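S.K.: This is the structure, below, for whatever I ask next.
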Amino acid sequence: MNTSTRPVGAPTRPGLLGLKRFVLRRGPLLVFALLLIYLAANSAAVLTANNFWSSIVQAAPIAIIACGLAVVVMGGGDDAISGGIDLSIPGAAAMATVVLSLQLSEPGAPFWPAFLLALLAALLVGVVNALLVGYVGLSPILATLATYVSVVGITRVFSQNRRINVSHETIVALRDGKLLGVPTTVLLAVVVVVLLWFVMHRTSYGARVQAVGGSRDAATSAGIRVRGLLASTYLIAASTAAIAAVLLVARGSGSSPGIDERLLVDMVLATFIGAAFSARNVVTVPGAMLGAVLVSFMSNGLILNRVPNSWVDGVKGMLILLVVAAAALQNRERK
Amino acid sequence: MTSTQNPPVLRMSGIEKSFPGVRALTDANLEIAPGEVHGLVGENGAGKSTIIKVLAGVYTPELGEVSIDGAPVAPLTPQTVHQRGVRFIHQELHLVPHFTVAESVFMGHELQGRLGLKKRQMRERSARILEEQLGLQLDPGALIRDISPAQKKLVQVARALTDDNIRLIVFDEPTAPLAAVEVEQVLGAVRRLRESGVASLYVSHYLGEITELCDRVTVFRNGTDVARIEQVSDDTTREMIHLMTGREAGELFPPRNEPGDEEVLAVEGLGDGKTFADVDLTIRKGQVLGLAGLLGSGTEELVDCLIGLRKVKTGTMRVAGKPVRFSSPAAALAGGMVLIPRDRRHDGLVLDLSVGDNINLSTLDETATAFAGLNRSMLARERAERMVSELDVRPADIARKVRLLSGGNQQKVVIARSLLTDARIVILDEPTVGVDIGAKAEIYRLIASLAAEGTAVLVSSNDPSELLGLCDRVEVMVRGRIVESHRAEELDRDRLVEAMTASVRNDEEEAR
C-alpha cells in the first residue's frame, strides 16, 4: 500500500469544493460499503463463516487478474481515453483453463508441462497486446478489446464450446487442500499478490512503470525506455491470467464456456475501486486485491439476498460506471 | 577569464546540420569553460535548440566535433553524452503529479537494494541535494501536485545532481513557466551550482536573467555563433539585442500614439467574488492600456471576466457608454471586444487547421454566402492572404498547418484573426510569451498600428519592459487589487517591478 502522507501545509479545501472532492474520492467506496451493509442486514446468511470463506475463495482468481490489470493501468496511466487497460486478461484466462483442462483430463498426466503450455498460450495473447500497444501504437482499450474477442472466439472453437471435466490429483489437492485452516487457492493468490506488490511498489522496475503511467514525457526525459516497460506490463498481465486459470480449473473442476464474462466485470471493478484504498488515489496492487475481496463479498451478498443473476450484472455495471466516472471527474478537477 | 591550462568543459566546433530544405546550423561553435555559467541567446530559429539537440545526441551533425573535457565524444549518442556528465533540464515541467519529491528526483535511477527500493535513503539524499546544492528546503515526501512551479523546477534540477560526475547542466528556458518572484529562486540555484564547480549552459529569452547570471554569453543568429561576449556588463542587453536581431534595442518599440478622449471601455468596481475586486479601468479610443501583474495577481481572471469566460459578481462594465455584461467570448465579440489569449496553442488556435482557416475562424459569417451559409472560399482565401502579407507571417503560405509555424508566427495568425473582426476593443493577454525578439518587434508594431486606427487596446503582461515600451498608461495589480496607476512616462523599469512585486514576496503561492 502506498503510505505516503500528505505534506504539512498541503492545501486544505474548505466548504463546497472540499465536499465535492471528498465525494469524488471516497464516494464510490461509500456506495460500496452501504450496499454491503444493506446486504448483510437483509440476509442472515451473509455474516457467516461459511459465506466469508466462500467469498474469499471466490476472490482469489479475481484478485490475481485484478492485480495483473493494476500493473497495466499503472504503466499506461489512468486517463479515461488513452490510459492503460487490458480487457483481454479474462479471455486469456479462459483460454488457459481450456488448455489446462485438455491436458489434465487424463488422470496421471504431468501437471507442470500442462501449466507451461497454458502459460505460453496466455503469454501469446500478452505479446500480441504488447506489440499492438507498444509498437503499433493502438489505444490499449481498442487493442485489448480486439484480442479479447479473438481469444474467446478461438477458445470456443477448440473447446467446441463444451465443458471439460478435470479430476486430476494436483487440481483436486489444490481445490480441497488447506494450510493452517486457509484454503490453498487463497494462499496461492496471496503469494502472487505479494510478489506483484514487491515488483511494482518496491523495485526500480515498478517505480519506472509507474513513472511511465504517470507521465510518459517525464519518464522519457528521465531516460526511461518507455516502450519496453509498457510492453512488459502486458506480459505480466498475461501471466496472471495463466495462474488464475489454475485456480479457476480447481474451483470448477474443469473449464466451462463463458467463464470470461463474469471475470471481466469483476476484474475491472476490483482494480478501479481499489484506487480508493491508496493514499494518492491511484491504482495499486494491494488496492486491486482489496477491491477483488469487496467485489466478491458483494456478488455473494447479492446472491444470498436472492437477487436474480441478470440483476447482479446490472448492479456491477452501474458500479463500474460510478467508479470510472468519479475517477475521470477527479482528473478533470485536477487540471 | 578562461583558464588556459584546463581544457573547456565543452567544445563544439564547426557543427553543420541540415534538415530537408533547411540549413539549421552552419559552422556553429560553442565553448564552455569549467565551472562557468554560459549564456546562449538567439531568436527563435537561430539554431539554439538545434545545437542543444546535437549536444544531447538527438541530432547527428553532418560535420563538426564535440568534445567534453578535451576528449572527443564519439559516437555522439544520448547515452555517451550522459556518461560524460552532461545533463539537460527541459523547458517543460516533466514530472508525475502523484509522485513524491524523492521519487521524482530518483526517477529513472532509483536506489535499489536486495530488499527492494531504499526509500529512506532516497528521501534523505533528495532532501540533502535540494537543500545543500539548490538552497531549497522541501519535504521529500510531499507530492509533486502540491508544490509550487519553482519548486518543481528545482526538483527537476535535483534529478540531474544525483550523480557525482556532473560536468555540465544545460538549462533550456528554465524560468519560462514561472512568475517573476519565483525566478530568483531558480537563479539562486544556478549560482550555487557554479560555486560547487558545475558548469551551466543557460538558454533563455529573458535577457535580464542572462546579464544577471552569466559569466559569458554566446549569441546565435541564422544558424551560427555570431559573437561571444567575454565580459558581461550593464550594456550587455543592448549588445545582445543588436547581435541577435541586427537592430538597435530602441527600435523594438514603435513610437507611441496619442489617445483620443472618447471612452470605449469603462469598468467600475468589478470583481469576481474570489480573486479580485474593486477594479476600475477606462480605455479610450486609440489608447494602449497596460495591466501589470505577476502570475496569480488576478490579471488573468480579470481578463477572463472582461471577455465573458468568467462570471462577474460585482461592478459594472460599459462599452461606448452602454452597460454590458458578456456571457461568453462570442457575446463579447458581438459587442465589439476580442481577446488574444495567452495560451495560443490551446486557446487561440486549431493547430491542425491551416493558417488560412485559422485566420477566418472568427469571421466565418462574413465569408459565408447569404443562402445556406456556404463558404465562399475565394473570398476567404483573399482575406487570409491579405492578412498574411500585412502581418508578414512566415512562411507566407496560407495552406500550411499552424502547428508547423514558430511561436511568433502563430501569434501573428491569432492577431490576424482578431483584426478581421474589426473589434473596437482588443485585449492581449501576454502577447509575446515564447516569442523571439524579431517577432516581438513586429507584434508591437501591430499593436501600435491598431491603436493608431482608433482601437482601444488592453495589454495584460508581467514583462515590465514590454508594458513600459508599449503602453500609454499602466495599471498595476497585486493580490487582486489595482494598487497603482501611472502614465508610462512617469515610470521606469525598476519602479514598475517594485510595484508589481510589492507585498507578494513573503506570501505562499497558493498551490493548485
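S.K.: Over all Cα pairs of the protein assembly as shown, how is the pair count split among 20 Å bins, expressed in % and running from 0 up to the last occupied bin?
M.R.: For the protein assembly as shown, the binned pair fractions read 13, 37, 33, 15, 2, 0 percent.
S.K.: Which net charge results for the neighbourhood of B:Leu95, defined as the other residues with beta-carbon distances under 13 angstrom from its beta-carbon, given Lys and Arg at +1 and Asp and Glu at -1?
M.R.: For residues surrounding B:Leu95, the net value is +1.
S.K.: With a sphere of radius 14 Å drawn around the Cβ of A:Thr155, what net charge do the other residues whose Cβ falls strictly inside it have (Lys, Arg +1; Asp, Glu -1)?
M.R.: Net local charge, A:Thr155 excluded: +1.
S.K.: With all distinct Cα pairs included, what does the Kirkwood hydrodynamic radius of the stretch A:98-253 come out to in Å, to one decimal, could you say?
M.R.: Kirkwood hydrodynamic radius for the stretch A:98-253: 17.4 Å.
S.K.: For the stretch B:110-224, what does the equivalent ellipsoid look like in terms of its semi-axes, each the square root of 5 times an eigenvalue of the Cα gyration tensor, given largest first in whole Å?
M.R.: 29, 17, 12
S.K.: So, in nm, how far is label B:Ser233 from label B:Ala452 when the simple model puts each one 7 Å beyond its Cα toward the Cβ?
M.R.: Between B:Ser233 and B:Ala452, the simple spin-label model gives 3.6 nm.
S.K.: Given the -39500 (n - 2.57) contribution per DSSP H run of 4+ residues, what per-residue ellipticity at 222 nm results for the protein assembly as shown, rounded to the nearest 500 deg cm²/dmol?
M.R.: Calculated from helices alone, the mean residue ellipticity at 222 nm is -15000 deg cm²/dmol.
S.K.: Using only the Cα atoms of the stretch B:41-151, what do you get for the radius of gyration and for Dmax, in Å?
M.R.: Rg then Dmax for the stretch B:41-151, in Å: 17.6, 51.
S.K.: Calculate the all-directions average of the projected area of the stretch A:157-214's alpha-carbon convex hull, and give it in nm².
M.R.: Mean shadow area of the hull around the Cα atoms is 7.4 nm².
S.K.: Near the amide H of B:Leu458, under 5 Å away, which other amide H atoms are found, from residues 5 or more places off or on another chain, if H is placed in the peptide plane?
M.R.: B:Leu289, B:Val426, B:Ile427, B:Leu428
S.K.: Additional query: Round to a whole angstrom and tell me the spacing of the C-alpha centers of the stretch A:70-115 and the stretch B:260-281.
M.R.: Centre-to-centre (Cα) distance: 64 Å.
S.K.: Then there's this: Compute the distance from the alpha-carbon center of the stretch A:129-144 to that of the stretch B:180-206, in whole Å.
M.R.: 42
S.K.: Right, another one. Obtain the radius of gyration and the Kirkwood radius of chain B from its C-alpha atoms and give Rg over Rh.
M.R.: On the way: Rg = 24.6 Å, Rh = 24.8 Å.
My calculation puts Rg/Rh at 0.99.
S.K.: Just to be sure I understand: of the beta bridges DSSP finds with both ends in the protein assembly as shown, what percent are antiparallel, rounded to 5?
M.R.: Counting DSSP beta bridges with both partners in the protein assembly as shown, the antiparallel share is about 55 percent.
S.K.: Now for a separate question. To the nearest 10 square angstrom, what accessible area does A:Arg227 show with a 1.4 Å probe?
M.R.: 130
S.K.: Sequence gap at least 6, Cα distance under 8 Å: using those rules, report the relative contact order of the stretch A:31-334 to the nearest whole percent. It would help to have the intermediate numbers written out before the result.
M.R.: On the way: 502 pairs, mean separation 99.3, N = 304.
Across the stretch A:31-334, relative contact order equals 33 percent.
S.K.: Using the alpha carbon gyration tensor of the stretch A:110-198, what are the three equivalent-ellipsoid semi-axes (square root of 5 times each eigenvalue), largest first, in whole Å?
M.R.: 30, 20, 11
S.K.: What residues of the stretch A:191-207 lose no less than 20 Å² of accessible area with every protein chain in place versus their chain by itself (probe 1.4 Å, heavy atoms only)?
M.R.: Residues losing area: A:Phe198, A:Arg202, A:Thr203, A:Ser204, A:Ala207.
S.K.: Related question: Residue by residue through the stretch A:224-241, what is 3J(HN,Hα) from phi via Karplus (6.51 cos²θ - 1.76 cosθ + 1.60, θ = phi - 60°)? Round to whole Hz and write x for glycine and proline.
M.R.: 8, 7, 5, 4, x, 5, 4, 4, 4, 5, 6, 6, 4, 4, 5, 4, 5, 4
S.K.: Sort B:Glu239, B:Glu36 by accessible area with a 1.4 Å probe, largest first.
M.R.: Per-residue accessible area, sorted high to low, gives B:Glu239, B:Glu36.
S.K.: Charges only on Cβ, +1 for Lys and Arg, -1 for Asp and Glu: so what's the dipole of the stretch A:31-334 about the Cα centre, in debye to the nearest 20?
M.R.: For the stretch A:31-334, the charge dipole is close to 180 debye.
S.K.: How far is the Cα center of the stretch B:91-146 from the Cα center of the stretch B:459-491, in Å?
M.R.: 40
S.K.: In the protein assembly as shown, what percent of the accessible surface is made up of carbon and sulfur (1.4 Å probe, ligands and nucleic acids excluded)?
M.R.: The C+S portion of the solvent-accessible surface of the protein assembly as shown is 56 percent.
S.K.: At the nearest 100 Å², what buried accessible area, both sides summed, do you get for A and B when the probe is 1.4 Å? Intermediate results must be reported in sequence, preceding the final value.
M.R.: Working: alone 16120 and 23780 Å², together 37630 Å².
For A against B, buried area totals roughly 2300 Å².
S.K.: Can I ask one more? Report, in debye and to the nearest 20, how large the dipole of the stretch B:83-235 comes out about its Cα centre when Lys and Arg carry +1 and Asp and Glu carry -1 on their Cβ.
M.R.: The calculation lands at about 800 debye.
S.K.: If amide hydrogens are placed 1.01 Å from N in the peptide plane, which non-local residues have theirs closer than 5 Å to the one on B:Arg342?
M.R.: Close amide H contacts, sequence-distant or interchain: B:Asp429.
S.K.: In whole Hz, with x marking every Gly and Pro, tabulate ³J(HN,Hα) for the stretch A:203-219 from phi via Karplus 6.51 cos²θ - 1.76 cosθ + 1.60, θ = phi - 60°.
M.R.: Per residue, the Karplus-derived 3J(HN,Hα) values read 10, 5, 4, x, 4, 5, 4, 5, 5, 4, x, x, 6, 5, 5, 4, 5 Hz.
S.K.: Can you work out the Karplus-derived ³J(HN,Hα) for every residue in the stretch A:106-117? Use 6.51 cos²θ - 1.76 cosθ + 1.60 with θ = phi - 60°, whole Hz, and x for glycine or proline.
M.R.: 7, x, x, 5, x, 6, 4, x, 5, 5, 4, 5
S.K.: I need the GluC sites (Glu not before Pro) found in the stretch B:166-237, filtered to DSSP loop residues with at most 10 other beta carbons within 10 Å of theirs.
M.R.: When the GluC sites (Glu not before Pro) of the stretch B:166-237 are filtered for loop state and at most 10 Cβ neighbours within 10 Å, B:Glu230 remain.
S.K.: What lysines does B:Lys48 reach when the alpha-carbon gap must be under 26 Å and sequence neighbours fewer than 8 apart in one chain are set aside?
M.R.: Those lysines meeting the cut-off are B:Lys17, B:Lys152, B:Lys153, B:Lys401, B:Lys412, B:Lys440.
S.K.: Continuing with this model, one more query. Whose amide H sits under 5 Å from the amide H of B:Arg310, counting only residues 5 or more places off or on another chain, with H placed in the peptide plane?
M.R.: Counting only residues 5 or more places away or on other chains, the set is B:Cys305.
S.K.: When 1/r is averaged over all different Cα pairs and the result inverted, which Kirkwood radius in Å belongs to chain A?
M.R.: About 20.4 Å, per the Kirkwood formula over Cα pairs.
The values are calculated or read from the model by the stated rules, or taken from the named source; none is laboratory data. Small disclaimer: the values here were computed from a predicted structure and weren't measured. Glycine gets a Cβ as well: all are built from the backbone with ideal geometry, and neighbour counts include every protein chain shown. Remember, those area values only see protein heavy atoms, side chains included, never the ligands or the DNA or RNA. Shrake-Rupley method; radii C 1.70, N 1.55, O 1.52, S 1.80 Å.
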